[in-house]
1. Which far-off residues, 5 or more places away or on another chain, put their amide H under 5 Å from the one on residue 144, with H placed in the peptide plane?
2. Can you tally the net charge around residue 231? Count Lys and Arg as +1, Asp and Glu as -1, for every other residue whose Cβ sits under 15 Å from the Cβ of residue 231.
3. Name the lysines eligible as straight-distance cross-link partners of residue 76: C-alpha to C-alpha under 23 Å, and not fewer than 8 places from it in the same chain.
4. Report, please, the projected area of region 53-178 averaged over directions, based on the convex hull of its C-alpha atoms, in nm².
5. In what sequence, largest accessible area first, do 110, 93, 237 appear using a 1.4 Å probe?
6. Over the chain, give the accessible area per residue in Å² for a 1.4 Å probe, as an integer.
7. Can you tell me, using C-alpha contacts under 8 Å and at least 6 residues apart, the relative contact order of region 6-82 as a whole percent?
8. Computed from the mean reciprocal separation of all distinct C-alpha pairs, what Kirkwood hydrodynamic radius does region 212-287 have, in Å?
Amino acid sequence: MSAQGVQRRLNLGDLTTKKNAGEPIVMVTAYDYPSAQIVEAAGVDIVLVGDSAAMTVLGYDSTVPVTVDEMLTLTKAVRRGLGRPLLVGDLPFGSYEISDEQAVITAQRFVKEAGCDLVKIERGGTSVDRARALVAAGIPVVGHVGLTPQTAVSLGGYRAQGRTVETALALRDDALALQDAGCAMLVIEAVPREVTELIMPLMRIPVIGIGAGPATDGQVLVFHDLLGIYDGPAARFVKRYANVREASVAGVAEYAREVREREYPAPEHEYAMPDAEAQRLSGINPG
Ligand code: KIV
């Protein structure tokens with residue numbers, strides 16, 4: 001707490017301090033003002049407005065179609081609800097791959113218009129060059145390796161990565177290249193714990209895992225996954241900490257029942273009119 005009793009916003013140095021102290025870093029996604037307020041109140045360290053929003057809140061069937069403008073609308077709403085945690089914006093598919101210039105132009109919008117502290121890009125390869133260009137432009141970058149949903153089709157679908165020695169070593173090389181390019185942080189998604197354990201001793205930057213086992217410096221989960229906001233199957237690494245969908249359906253169903261049975265609204269939900277005015281009004285012919 002500061003002298004005024006307001007918690008200051010975390011910075012990258014705080015993450016390094018946590019890493020060095022072996023204190024786990026908590027990251028979660030959020031996509032709008034109320035979810036930002038919830039994760040803020042819960043005391044998380046980092047909030048990612050992930051392009052998983054494409055599926056969780058916009059109803060697309062993958063992360064590929066979501067646009068920069070859609071992501072910016074969601075990210076700005078999260079910014080308005082957030083105080084202490086670091087805010088990471090996710091550059092959507094097609095918004096950074098073409099050139100360093102394209103990546104910098106897109107990332108600057110997330111920083112200037114949506115107030116992001118960092119931006120996240122997926123994959124190694126050409127994304128290493130993009131990361132270097134962004135860092136040179138003064139924009140802190142989060143790399144993302146392993147299962148990279150934007151290119152899931154080329155990876156053979158939404159499945160664990162690095163399950164052979166060759167692919168595990170390629171993953172390690174991508175992680176190192178992103179670190180060398182100046183990334184401030186790395187996300188590793190859906191890899192066997194052996195791969196994470198191979199990579200971790202080489203990493204000076206904080207590494208956040210999702211389906212990567214316990215060896216990382218922190219964990220990230222998708223808000224809708226961990227709260228059980230939708231029906232249906234989830235990835236193996238998802239743990240549900242609440243069943244918000246069930247509670248929400250029950251709440252709306254009860255509202256519908258009360259409306260249909262004329263239980264709602266009750267007198268306590270009505271506005272009062274002074275008696276004298278009500279008396280005068282009752283004497284007026286409605287026609
Ligand atoms: O888009 C997203 O939510 C992500 C996390 C799963 C890391 O990239």
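1. 121, 123, 187
2. Its environment carries a net charge of 0.
3. Cross-link targets: 112, 120.
4. Seen from a random direction, the Cα hull of region 53-178 projects 8.0 nm² on average.
5. Order by accessible area, largest first: 93, 237, 110.
6. 52
7. 32
8. Kirkwood radius, region 212-287: 17.5 Å.
The values are calculated or read from the model by the stated rules, or taken from the named source; none is laboratory data. As the structure is a computational prediction, the values presented were derived from the model and not from experiment. Glycine also receives a Cβ, built like all others from the backbone with ideal geometry; neighbour counts cover every protein chain displayed. Areas reflect the complete protein model, heavy atoms only, side chains present, ligands, DNA and RNA absent. Shrake-Rupley method; radii C 1.70, N 1.55, O 1.52, S 1.80 Å.
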